[in-house]
Each structure stands twice: as structure tokens, then as C-alpha cells.
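See structure below.
All of the numbers you see were taken from the coordinates with simple rules; none came from a lab. Please read these numbers as outputs of a predicted model, since none were measured by experiment. Cβ atoms come from the backbone with ideal geometry, glycine included; neighbour counts cover every protein chain shown.
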Amino acid sequence: MLTGGQLAGLIIAVFWAILVSFLTLVLLRLSRLLKETTELVAELGEQAAPLLEEMARAVEQAGEQLDRTDVITKQMAGVSQNVSAVTTVMTSVVSGPLVKAAAFSYGVRKALGRSEAPPPRAQLPAQRKGGRR
């Protein structure tokens, strides 16, 4: 038979074996988890490179479009200045003679109209028959 010390040693050895088995199982599962994590990270790295390239191309194209827009904006500013200048010239060319022609025609009408009696002025209803009662 076993003595008390031998029995205690046997119990400790059994618990130690169970503990080592449990830790081995945990380490195996941890190993699998790390392997899957490594594969996932590698897969993400493979997918990230094309995405970054596409994003760089999109940013480059956006820059080109902004450059084109900048050129168009500058050209439109020039067109606006040209239209403003043409409007100013047309106003000075057309309005001067028109004002003179209008003043001349007004003067001619006034001169010809002096010989005629002035047209009767319109009267308010209150002024017509002695006012309102």
C-alpha cells in the first residue's frame, strides 16, 4: 500500500498531468488563432495594395480635373471682362446719340406745339361740378 507521502505525490502528479494537458490544449488553440490571424492580415495586405493604388489614381484624376477647371475659370474671367468692356463701349456709343436725338425731337415737338392750344387738363371728380355733397 501507499503511504501518505506517496499518495500525496500521486495526487500532485495527476493534477500536474491534467494541468499540463489543459495548458497544451490552450497553447494549441492559441497557435491556431495566431495562424488564422496571420493569414487574415496577409489577405488584408494583398487587398489593401490595389485599393491604395486606385485611390491614388482617383486623387490624381481629381487634381487634373481641378487644373482644367482652373483654366476654364480664368478664361471665363477674361470673357466677363471683355463683355463688360463691350457693354461700356456700346453704352457710350449708343446712349450719347440717342440722348441727343431724344432731346432734339422733344425740342421740335415743343416748338411745333406752341402754336396750338394746350390740351385741357384732366379734372378730378370733385372739381367738375362743384365738389361732393
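From helices alone, the chain scores -32500 deg cm²/dmol at 222 nm; the rule is -39500 (n - 2.57) for each run of n ≥ 4 DSSP H residues, then divide by the residue total. Could you tell me which residue out of Gly4, Val83, Gly45 lies farthest along the dipole of region 4-84 toward its positive end? Charges go on the beta carbon: Lys and Arg +1, Asp and Glu -1, centred on the Cα centre. Result: Gly4.
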